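Only one structure is covered here, and it is reproduced in the block below.
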Amino acid sequence: MRQATLVLSLLLFAAKASAIEVCDSVPVYEPCEISVALSAAEVEAHPNPYVSVELRAEFRSPKKGTTYVIPAFWDGGGTFRLRFSPLDEGRWDFRLISNLDSLNRKMASFNALPPRSPGFVRIFNLRYFRYDQPETAHFWMGDTCYKFATIPWETFRRLIDVRAEQKFNHLRGLVLGFDESAEKVLADPDRPSPEHFREVDRRVAYMNSKGITYDLLLAGDRNQLAELLPERSQRERYVRYLVARYAAMNITWQGVQEWEEYEDGIRLLREIYSYITKMDPYKHPRSTHAVTTSAALFEEGWMDYVVQQSSSTDLAAVEYEMYPVPQVNAELGYENSGAGKTHRNHVDTGEFRRRLWRAAMNGQYVTFGNTGTYGGRGFDVDVRFADSPGARQMTHLHDFFTQTRYWDLETYPRVAGGPAMSLELTRFRSESMQGIEYMVYVEKPRQVELLVAKGKYDISWFNPIDGAWVHEKDKLKGERFTTAGPPDASHDWVLYVRREGKKQGMNKSYFLESRRPKPKEIENTPSEVPFVIQFPESGPLVAGEEYEFNATLTKSSRAVKRMRWIWAAEAPGANKGYRILGTGQFGKFRIPTDITDRYPMTFQVRLIGVDGLRRLYESIGTYKLLRMKE
């Protein structure tokens, strides 16, 4: 990221004092770099300044008078840097706070110019994202490259160039790299490798310059962070270091890879996010990567968007109703377009596309992965696979949704033939519901029945394979639309029904906060819940064993027959959070062995269902859990 810099003298320092360089001016939302070189005497007094030198700055907004505090980061030798992105135009004054007398309470300023970008990614309207700039919505379209920090620069640059052309605007990756890289970067937990992070700086800056937000994973799976940084003070300094280097850039916080694999994942993330919440002045979106879902940690209070790693439409549908926050599916499957596969979630392009559209119609944002570019442990990053059919179909999904009012959409139950989303508004209390647009993913050739608010609608079909449109000449007049199927029965389609004039009229005002979804209550009164847990029966269960699970319906209605289900298990008091055992009304599920460290333990199974009218129900079974048999 280019910026004009000019050396300014804070004061005429004596020969033994620190030297400070400040940027002259930067555009709003872009980092101002402030460099601090410790004197020879200070370097001698602080042989490990990463641990012993304290330095931060307080920045004051020229318009609102708001104060933002950000820590400095050690950049090798006797050099510290402050990285701050202004949020308003004008002159920003700042003051240094340090345990070094030569720096403490020194003041300076720089100028913030008009912005060249829409700003940082924010959460708004509960379920959606936007940028800092007013009236600029953000449609999350992510990619995965775990090894982004360690692959050759030219490979990285070419991948980002291709992804930017394909309209991707997020990339998820490990800031430390996998085990071998991470162990080198933090070989001394009290002295991280500045060389590694300078290269990460360059790559995050390049992503941002291309309009791509970095989804920052602080560490990998398999308990990596806890083992590399076993002491609380080490973890706090590490988080401060990452906040200092990257909070001024366009990022989201995505915790650790697969938090469930950590021995004490809940406590660790609670600790990590207590630091981030306090230190990050920009309040970037916060969540964590997961084996299945991060929603089990939602009640902890630090999370403001949910990350799933699942192709289950039941899990997507239920958690959409339970948690009124953005839902990001980080891995519904990786496309194998020729690079090979090693896992069952490595799927062909057609299967990936179908999972993609199911997830999107269940209200999720999706992160892409291709086995040739996602950079798993056993896979090299080969840019020959960057322009894959699945990546191009992600672009078609982006193009479809960004011509809708996607920031206002909600999942829609009044349809038969596929998952759907809609925008319906009530303009005034005295008026009936007004339909704006409806969309249905028709995966297989079948009849579609769609109930809409009374009106006159345009009808089109969208081809998710090539992005082509087929427009019907006739218009829908009334409240019910029925079709025998899509134009071509050989593949999946998206039905799009809308009042084009009304939609375009609303787009002129581009009012981004016209709807505010509210969290729903879960009905758990036994007489009102339309199902009971039949299996497993009341006998004790053994960790690691597989059991038959089954729910029996106690009521019969069209809405109940369209129930979506998740089976969640938790050992209260173990502080491990719940685990998703499985989805569907019945099946064989294995009891996870990492759900508790103590036996015997009281064990709860929660069966949560959402019916065809989006009502939530819950039934709970309590069991005795025994240790896995040797």
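The values are calculated or read from the model by the stated rules, or taken from the named source; none is laboratory data. What you see is a predicted model, and the numbers here were worked out from it, not measured in a lab. Cβ sites come from the backbone with ideal geometry, for glycine too, and all protein chains shown count toward neighbours. SASA here: full protein model, heavy atoms, side chains in, ligands and nucleic acids out. Shrake-Rupley method; radii C 1.70, N 1.55, O 1.52, S 1.80 Å.
How long are the three semi-axes of the equivalent ellipsoid of region 461-508, in whole Å, if each is the root of 5 times an eigenvalue of the C-alpha gyration tensor, listed from largest down?
22, 16, 8
Considering every pair of different Cα atoms, what Kirkwood radius, in Å, is found for region 495-630?
So the Kirkwood estimate lands at 17.4 Å.
With a 1.4 Å probe and all protein chains in place, put THR373, THR593 in order of accessible area, largest first.
Order by accessible area, largest first: THR593, THR373.
Working from Cα positions, state the angle (0 to 90°, nearest 10) between the long axis of helix 194-209 and the longest principal axis of the chain.
50 degrees
I want the local charge near TYR275. Using Cβ-Cβ distances under 12 Å, sum +1 for each Lys or Arg and -1 for each Asp or Glu among the other residues.
Around TYR275, the charge tally is +4.
Can you tell me, using C-alpha contacts under 8 Å and at least 6 residues apart, the relative contact order of region 321-444 as a whole percent?
Normalised by residue count, the contact order of region 321-444 is 21 percent.
Taking the 0 to 90 degree range and rounding to the nearest ten, how far is the long axis of helix 232-246 tilted relative to the main principal axis of the chain, both from C-alpha atoms?
Tilt relative to the chain: about 90 degrees.
Ranked highest first by average number of other Cβ atoms within 10 Å, how do 31-37, 435-441, 382-388 line up?
Per-residue mean Cβ counts within 10 Å order the peptides as 435-441, 31-37, 382-388.
Any idea what log10 I(q)/I(0) is at q = 0.05, 0.08, 0.10 Å⁻¹ for the chain, Debye with uniform C-alpha scatterers and no solvent?
-0.25, -0.64, -0.97
Taking the alpha-carbon distance from LYS629 and a cut-off under 29 Å, which lysines remain once sequence neighbours fewer than 8 residues away in the same chain are dropped?
LYS576, LYS588
Please report, in whole Å, how far the alpha carbons of region 109-245 spread along each principal axis, starting with the longest.
Between the extreme Cα coordinates on each principal axis of region 109-245 lie 45, 36, 35 Å.
Once neighbouring chains are kept in place and the probe is 1.4 Å, which whole percent of the accessible area of the chain is contributed by carbon and sulfur?
Heavy-atom surface of the chain belonging to carbon and sulfur, 1.4 Å probe: 48 percent.
Which of the GluC sites (Glu not before Pro) across region 90-189 are loop residues per DSSP, with 15 or fewer other Cβ within 10 Å?
GLU135
How far is the Cα center of region 146-179 from the Cα center of region 592-625, in Å?
When both Cα centres are located, 39 Å separates them.
Please report the spacing between the Cα centers of region 480-505 and region 337-401 in Å, no decimals.
Centre-to-centre distance over Cα atoms comes out at 25 Å.
Show log10 I(q)/I(0) for region 231-314 at q = 0.13 Å⁻¹, two decimals, from a solvent-free Debye sum over equal Cα scatterers.
Results for region 231-314 at q = 0.13 Å⁻¹ read -0.40.
In whole Hz, what ³J(HN,Hα) sequence does region 587-599 give by Karplus (6.51, -1.76, 1.60; θ = phi - 60°), x for Gly and Pro?
Listing the rounded values in order: x, 9, 10, 9, 6, x, 7, 9, 7, 7, 9, 10, 9 Hz.
As a test of understanding, state the convex hull volume per residue of region 272-388 from its alpha carbons, in Å³.
Considering the Cα atoms of region 272-388, their hull volume per residue is 128 Å³.
In percent, what relative contact order does the chain have, based on Cα pairs under 8 Å that are 6 or more apart in sequence?
Value for the chain: 9 percent.
What net charge is computed for the residues neighbouring GLU180, neighbours being all others with C-beta under 15 Å from the C-beta of GLU180, Lys and Arg scored +1, Asp and Glu -1?
-1
Mind jotting down a quarter of the surface of the convex hull over the alpha carbons of region 54-125, in square nanometres, one decimal?
Over every viewing direction, the Cα hull of region 54-125 projects on average to 6.4 nm².
If the reach is capped at under 27 angstrom between alpha carbons, list the lysines near LYS147, excluding any in the same chain fewer than eight residues apart.
LYS147 reaches LYS167, LYS184, LYS210, LYS283, LYS341.
When you count, for each residue, the other Cβ atoms within 10 Å and take the mean per peptide, how do 220-227, 565-572 rank with the highest first?
565-572, 220-227
Please compute the contact order of region 460-575 in relative form: average sequence separation of alpha-carbon pairs under 8 Å and at least six residues apart, divided by the residue count, as a percent.
It rounds to 17 percent for region 460-575.
With N set to the number of residues, divide the alpha-carbon radius of gyration of region 345-401 by 2.2 N^0.38 Å and report two decimals.
Rg over 2.2 N^0.38 Å, computed on Cα atoms: 1.15.
Taking the Cβ of LEU159 as the centre, find all other residues whose Cβ is under 14 Å away and add up their charges (Lys, Arg: +1; Asp, Glu: -1).
Computed value for this residue: +1.
Show which lysines lie in cross-link reach of LYS454 when reach means a straight Cα distance below 21 angstrom and same-chain residues fewer than eight apart are skipped.
LYS473, LYS475, LYS477, LYS502, LYS503
Once each part is reduced to its C-alpha centroid, what is the distance from region 95-115 to region 41-65 in angstrom?
Centre-to-centre distance over Cα atoms comes out at 9 Å.
Against the longest alpha carbon principal axis of the chain, how many degrees, from 0 to 90 and to the nearest 10, is the axis of helix 265-279 turned?
60 degrees
Based solely on its DSSP helices, what 222 nm [θ] is calculated for the chain when runs of n ≥ 4 H residues each add -39,500 (n - 2.57) and the sum is averaged over all residues, nearest 500 deg cm²/dmol?
Here the helix-only value at 222 nm equals -6000 deg cm²/dmol.
Please list 334-342, 137-145 highest first by mean number of surrounding beta-carbon atoms within 10 Å per residue.
So the order, starting with the most tightly packed, is 137-145, 334-342.
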